[in-house]
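The values are calculated or read from the model by the stated rules, or taken from the named source; none is laboratory data. A quick note: this is a predicted structure, and the numbers were derived from the prediction, not measured. Cβ atoms come from the backbone with ideal geometry, glycine included; neighbour counts cover every protein chain shown. Side chains included, ligands, DNA and RNA excluded: accessible areas come from the protein's heavy atoms. Shrake-Rupley method; radii C 1.70, N 1.55, O 1.52, S 1.80 Å.
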Amino acid sequence: MPIFTRLNIKTMSTAKKQYKRVTVKSLIEMKANNEKISMLTAYDYTMAKIVDGAGIDVILVGDSASNVMAGHETTLPITLDQMIYHASSVIRAIERCLVIVDLPFGTYQGNSKNALDSAIRIMKESGGHAVKLEGGSEISESISRILTAGIPVMGHLGLTPQSIYKFGTYTVRAKEEEEARKLKEDAKLLEQLGCFALVLEKVPAKLAEEVAKSLTIPVIGIGAGGGVDGQVLVTHDMIGMTHEFSPRFLRRYLDLYAEMTDAFQQYITDVKSQDFPSDKEQY
């Protein structure tokens, strides 16, 4: 057999599958094929257009919009109506990626009927593809009820920001044996209930890898090491639009805070000196 033919066959056999549209099924296939899943946040049309166009697999319309877009100290104040507004803006921009929307605090805890109503509103009014809930066994009834309506659910364990006042800190979770045991049990439970994927936030890398290997569904990490099935970051953090927040797990790929500040200051100078607009910039 000619060598170029052998090389072509090898290349074809190891090529990653190209997805015209990423679905929950796609993510499970990616895990089975050992292809890492890329996930970022977006809260508006313009950012989502760029992120989707770059080829990201998943956009999370996170309740972190409460911090990033509205300036709140926690994620707790954001409402269901506001989440639907952000998700609708994102959905209008995307062509390929899967869009997952956080159910905000107070819309699913302790009331499974309320949880189902909230999830249905997100799906109907925003066009989102799936919802994400924080917690394990304590919200199992809400997860089950949402799933009965055919709505895909992503779980979220470890550091759960909606419970910040319970924990009192944003420190790493599940370092102690008892909490680690519960996290592993909750992860198994979420898979058994029917969740299609799971986010693990700020847990020891060894524990996260153990959980990922024990599940058939994908585990997406944020501050959970490299042994999981994918990674998620807040877009505004990783491109350096925010600069006050610098956890160990955050890699800044740009410093837009500095670049934008320079641009704005140059604009101010140009306006005040009458350099802008020039003759070519007028009608």
In terms of the alpha carbon gyration tensor, root eigenvalues a ≥ b ≥ c, rounded if a/c is under 1.5 and otherwise prolate when a/b exceeds b/c or oblate, the range 36-75 is oblate
What percentage of the solvent-accessible surface of the chain, computed with a 1.4 Å probe over protein heavy atoms, is contributed by carbon and sulfur atoms?
55 percent
For the range 1-152, please report how many Lys pairs fall under 25 Å Cα to Cα, leaving out neighbours fewer than 8 apart on the same chain.
28
The chain - mean residue ellipticity at 222 nm from DSSP helices (-39,500 (n - 2.57) per run, n ≥ 4, rounded to 500):
-13000 deg cm²/dmol
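Assuming R0 = 25 Å, can you tell me the calculated FRET efficiency for the pair residue 260 and residue 282, based on Cβ-Cβ distance, to the nearest 0.05?
0.45
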Could you tell me the distance between the Cα centroids of the range 37-54 and the range 180-198, to the nearest Å?
27 Å
What length, rounded to one decimal in nm, is gained on full extension from residue 250 through to residue 268, with 0.36 nm per residue of separation minus their alpha-carbon distance?
3.3 nm
Most packed first (mean Cβ within 10 Å per residue), the peptides 54-64, 269-279 order as 54-64, 269-279
Using r as the Cβ-Cβ distance of residue 141 and residue 76, and R0 as 30 Å, what FRET efficiency do you calculate, to the nearest 0.05?
0.85
With 10 Å bins from zero, work out the P(r) of the chain over every alpha carbon pair and list the percent per bin.
6, 26, 33, 19, 9, 6, 1, 0
Can you give the accessible area per residue of the range 67-132, in Å², using a 1.4 Å probe?
42 Å²
Would you kindly derive the ³J(HN,Hα) couplings of the range 255-261 from the backbone phi angles with the Karplus curve 6.51 cos²θ - 1.76 cosθ + 1.60 (θ = phi - 60°), listing them in order in whole Hz, with x for Gly and Pro?
10, 5, 4, 5, 5, 5, 4
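Peptides 73-82, 146-155, 199-208, 249-258: what's the order by average Cβ count within 10 Å, highest mean first?
Details: 73-82: 16.1, 146-155: 19.2, 199-208: 21.8, 249-258: 13.5.
Highest-to-lowest ranking by the protection proxy: 199-208, 146-155, 73-82, 249-258.
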Please compute the modelled spin-label separation between residue 92 and residue 69, points set 7 Å along Cα→Cβ, answer in nm with one decimal.
1.2 nm
Against the rule of thumb 2.2 N^0.38 Å, how large the Cα Rg of the range 103-152 comes out
0.99
